[in-house]
Amino acid sequence: VTDALTNTEQMYGELPWDNMMNPDSVKYMQAAMILPNGTKLKDVLTTEQYTKLNNYLKKAMQVDLSSPQVEAQMGSMTPMAITNQLTLLSFMMKHMGEFDPTNTFDQYFQAQAKKNNEFVGGLETVAFQTETLFKSFPMSRQIELLMCFLDHTSFIEQMNEKMANAFYAQDLDALKAAMDEKRNNSCDNKPEEDELIIYSRNASWLAQMPGIMAAKPTFFAVGAGHLPGKKGVLEGLRNLGYTVEGVQ
């Protein structure tokens, strides 16, 4: 992988990290994660749902939304943003000292490319990714998915462990199997949600990649969940006539 990065002439990620970290982008992303018009989580959740969320926070963090500091930090977040934060928190709790969410693979590869004086580009814009990941689901569905996390935390933790293990084992079939595991209830991703979050984005990237590669030999680094399956990026590249091989 290091040789591939050194021997290519440019690097593309989902987003250029510098674009994500500029003040305007950070402000835009933060705004997308906040409920509108001064609304609070306690306004959109029922008393039972709010209590369930507080019980989880108390267990995970020893404090809940009754704390002014926690309420100020999390009390106005959208259910979607809260679910993402809790998913990350649950993984970190099981991997204390092993996982640093502020130092990602994206950052690593883009930093290495810069050291090599390579151009770093992105397949998406900050605005598009923010709108897709944080604003595309209606409020009722966001609340439903938050409750799914709180009601089925162990299932989600096990799924994330399987995905992480498959990733480190470089086993794309196992990764796809973990992503596709079903509970056979409303907590499962709907086909249109998978299309929005994964497959339509894959198609957009595949439309861009030939032109990018034709310009210069390119190192791409995207989320591993976008790689496997018939609608994955690897099979998409094969369908476009490219030879796709694993690094030996």
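The values are calculated or read from the model by the stated rules, or taken from the named source; none is laboratory data. Being a predicted model, the structure only gives us computed values, none of them experimental. Note: ideal-geometry Cβ built from the backbone for every residue, glycine included; neighbour counts use all protein chains shown. All accessible areas refer to the heavy atoms of the entire protein, side chains included, with ligands and DNA or RNA removed. Shrake-Rupley method; radii C 1.70, N 1.55, O 1.52, S 1.80 Å.
Filter the range 156-185 for residues that are touching a residue at least 24 places away in the same chain (Cβ under 8 Å) and out of contact with any helix residue (DSSP H, G or I) (no Cβ under 9 Å at 6 or more places or on another chain) and give the result.
The answer is GLN170, and nothing else.
Report every pair of residues separated by at least 6 positions or lying on different chains whose Cβ atoms are under 9 Å apart, first residue within the range 2-27 and assigned to a loop (DSSP other than H, G, I, E, B), second among the aromatic types (Phe, Trp, Tyr).
From the range 2-27, the pairs are THR8/PHE219; GLU9/PHE119; GLU9/PHE219; GLU14/TRP205.
For the condition surrounded by 13 or more Cβ atoms within 10 Å (Cβ to Cβ) and at pLDDT 95 or above, what is the one hit in SER76, SER90?
Exactly one of SER76, SER90 is surrounded by 13 or more Cβ atoms within 10 Å (Cβ to Cβ) and at pLDDT 95 or above, namely SER76.
Looking at ALA127, ALA166, ALA111, which is the one that is open to solvent by less than 60 Å² (accessible area, probe 1.4 Å), within 22 Å of GLN30 (Cα to Cα) and among the small types (Gly, Ala, Ser)?
ALA127
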